[in-house]
Amino acid sequence: MELRDKRDGLLELDLCDRCLGRQFAMLGHGLENYERGVIARAVEDLKEDSFVDRDPSETAPSGEDCSLCNGLFEDLEQYVDQVIQALEPYEIRTLLVGTRLPEEIERAEKEIWEDFGKKRAEPTKTELNRLVGRKVQNKMGVEADFERPDVNAILDLENDRVELQVNTSLFYGKYNKYERGIPQTIWHCKECGGRGCEKCDYTGKKYQESVQEIIQKRFLEAADAEEATFHGAGREDIDARCFGRREFVLELHHPRKRSIAPRRIQEKLNESQSRVELFGMDETYKDRVAEIKEKKADKTYRAVVRLSGDITEARTGEITAIRGTIRQRTPQRVVHRRADRVREREVYWIHAEELCRGVLDITVKAEAGTYIKELISGDDGRTTPSVAGRLGCEARCEKLDVLDIG
C-alpha cells in the first residue's frame, strides 16, 4: 500500500495527530509521533522522505476525540506522578517503566494494523512507555536499564494502579566458618516444616543458627529488605570447619535501599562475632550465581581419624598410595536425597601422620565432589579404595576441616 493511500485511509478514522503519526513511526529521524501526524496531514503526495522537521506546533494535541487513544496521552503528567508516588518508598538508581493499556485501545490498534499494516508503525504501548519513562527518570534523576533495572514499574491504565517488580540486590563474597555444628543455610524442622512445634522449640528450625543467618542479618537491616537467599559454591558438612574462603552470593529480596556499604557491613560483622568471617564483599551481577555454582574447585582437607586398631609407621605408606581415580557410590548418609549411582573422582595426594595410638592426622587433596568421610571409612565398601580398606580396620573421621578451595 502506498503511503499516500494508507494516510488517506487512516484520515477517515478520526485519529489524533499522535496516533496518525504513530503509524509512520519508523520514518524520519528526531521527530515525535504527533509531528509525523502533522506532516502526514499537510503533505499531499506523502512519501518516505516527507518526514522531515517542518516546524510543527511545539505542543501535541490532546487527542480527546481520537477514535484510537481517546485522549490517553492528555494525562501524561498524572501518570508520571502515579509512578513516582508508587516508587517513593524505594531508593533506586535504574528504572524501567511499562504500561498495560485498556483492552479497547489494544483491540482498536490491532484492527488498524489488520487494515493498514504495521510495518512502519509503533505500538501505542511503546510510545507511552517511552514518554512516561523519560519524564519519570528526569524527575527522579535515575537512568533507564532495559536489562535488569532496580525496579520495573508497570502502569496499569485498565485498573488505575501501578505495579512494582522490585529486582533483588546481589552481593558476592567469601566466608570461613570457624565453629562446628553450624549448617551453611537454614534447615527447617522436619516435624513441622518450618511452622514451629514443640520439638524445635517453636523456632521452625532444626539448627538454631546458620552461616546464612549470621551473614544476612546485617545486610537485611542495611537494605531494608524482606528476606534473603544464600547461594553457596558448594557446602561443607555441618560438623566441618572451613578455612578455604568459600564463595557465595547473598540475594536480597525486595530491598528498599540500594546504596549500602558491603565492605563496612563485612567489617562490622567480623568484629561482632568469631564464628564466621567474611572476605571481599561487594555488589555483583545476576549471572554470578550461576558462575559460582558451575565452578568445580578441587579442595584440600584435614581430618582427624580414629582407627579400631593400632597402626605402625610403615603402614601409613599404604594410605599415601591412595591416589588417582577412586570409585564412590552415593554415601548411605545422603542417598535418601541424592541419586544412587557410582561416581569416579581423583585423589591428587594424601598424607597421614600418627597423632597418638590409634589416631591419625590425614591431609588430602581431591577433586570437587569427593566424599572425604567415605574415602576414610569406605562406607561399607561403597568407596574403593579407602583408608579403612587399605588398613583392614575401621576408620572413622572424627573432625574435618576444609583447608583450601580451588
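The values are calculated or read from the model by the stated rules, or taken from the named source; none is laboratory data. Quick caveat, the model's predicted, so the values are computed rather than measured. Don't worry about glycine lacking a Cβ; one is built from the backbone with ideal geometry, like all the others, and counts go over all protein chains shown.
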Is there a residue being over 30 Å from E221 (Cβ atoms), surrounded by fewer than 19 Cβ atoms within 10 Å (Cβ to Cβ) and either under 21 Å from the mean Cα position of the chain (by Cα) or not acidic (D, E) (or both) anywhere in region 280-294? yes
If you take the residues in region 347-373 that are loosely packed, with under 15 Cβ neighbours inside 10 Å and in a strand (DSSP E or B), which one is nearest to the chain's Cα centre (by Cα)? Y348
Looking at region 203-226, which of its residues are at negative phi, part of a loop (DSSP other than H, G, I, E, B) and free of Cβ contacts under 8 Å to residues at least 24 places away in the same chain? T203, K206, Q208
Please find, among T229, T300, the residue that is surrounded by 18 or more Cβ atoms within 10 Å (Cβ to Cβ) and assigned to a strand (DSSP E or B). T300
Surrounded by 15 or more Cβ atoms within 10 Å (Cβ to Cβ), over 24 Å from D340 (Cα atoms) and at pLDDT below 95, is that true of L403? no
Can you find, within region 269-312, the residue that is nearest to R180 (Cα to Cα) among those that are among the acidic types (D, E) and in contact with a helix residue (DSSP H, G or I) (Cβ under 6 Å, 6 or more places away or on another chain)? E277
